[in-house]
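Scroll down for the structure; my scribbles are underneath it.
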Amino acid sequence: MSNLGKFVGVGVGPGPAGYIPVAALQALQEADLIFMPRAHSSEQSVAGQCLSGLSLPAEKIRELIYDMEPDRESLPQVYLKLAESLATQLRSGKTVAYLTIGDSLTYSTYIYMLEALLTLIPELPHTTFPGITSYAAIASALDFPLGKGKERVLILPCPDDSQRLMREIEEHDIVVLMKIGHRLPKVLKLVRKMGIARYCAFASNFGLPRQVVCKGVEELPVECAGYLSTMLIRKESGGVL
């Protein structure tokens, strides 16, 4: 396929405008089309909000609406269907960019989209640009060390089982807890019971409307729960005030 276009994956950061690598921004400016995922349940694309203030022509941008929590077993079929519209453009020779919040290859929809496109077009030329993760941005905003010396760091999607979470906390120096959502009351109860709440940090919707950011979660209300929530858990002070 000599006329085959190129696929570009761009991590746009966790929310604040400007948290995007210069090389990635240049790739977006050069792309023929930019696909911007939006969940069925959202009125606005979070990835699109991350591009606030950037001069990207509106006519290049396309929304790609998807189910936020599809059945895990059906994910390949879901993304194969979504990928068809991108594949059509790529087969016509266009350079197609796909936006994802945070980092491109860290718990992102881009992973599934790339797999689907490579299934449809195995020889597809592609480039993946990294992005700033939510936990890196939160740590920087709060002067929260994410690893000193030989500290062991675990990145963990929040489990339903509080006992499992407690074991993970006990076995690691730092736990980056993602995908908390409705489990926040359980998590808060656990870290308070363990006596480590004052060493933890929390953020929800970082850099976006309804942002909540705090260092120390002793008094954090459970109402702060949300899909875009991350907690940084330490068992002792990290040494930065």
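The values are calculated or read from the model by the stated rules, or taken from the named source; none is laboratory data. Quick caveat, the model's predicted, so the values are computed rather than measured. Note that each Cβ is placed from the backbone with ideal geometry, even for glycine, and that neighbours are counted across all protein chains shown.
Just so you know, in the range 182-241 the residues that are buried (at least 19 other Cβ atoms within 10 Å of the Cβ) and over 30 Å from Ser45 (Cα atoms) include one that is modelled with the lowest pLDDT, and it is Gly238.
Pairing residues of the range 23-34 that are closer than 13 Å to Leu90 by Cβ with residues that are part of a loop (DSSP other than H, G, I, E, B) and of a type in the set (Val, Ile, Thr), at Cβ distances under 8 Å and at least 6 apart in sequence or on separate chains, gives Ala31/Thr95; Asp32/Thr95; Leu33/Thr95. Please state which of the following conditions Arg167 fails to meet, knowing it meets all the rest: (1) touching a residue at least 12 places away in the same chain (Cβ under 8 Å); (2) over 16 Å from the mean Cα position of the chain (by Cα). It is condition (1) that Arg167 fails.
Among the residues of the range 100-134, those identified as within 9 Å of the chain's Cα centre (by Cα) and not in a loop (DSSP other than H, G, I, E, B) are Thr100, Gly102, Thr109, Ser134.
Each row is one residue, and each column tells you yes or no for (1) in contact with a strand residue (DSSP E or B) (Cβ under 8 Å, 6 or more places away or on another chain); (2) among the hydrophobic types (A, V, I, L, M, F, W, C).
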| residue | (1), (2) |
| --- | --- |
| His126 | yes, no |
| Ser140 | no, no |
| Leu146 | yes, yes |
| Cys158 | yes, yes |
| Gln163 | no, no |
| Ile169 | yes, yes |
| Arg183 | no, no |
| Gly207 | yes, no |
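Contact map, the range 194-212: first residue in the same structural domain as Leu165 (by TED's automatic domain parsing), second residue part of a loop (DSSP other than H, G, I, E, B) and of a type in the set (Phe, Trp, Tyr), Cβ cut-off under 8 Å, separation 6 or more or different chains; pairs are Ala201/Phe144; Gly207/Tyr19.
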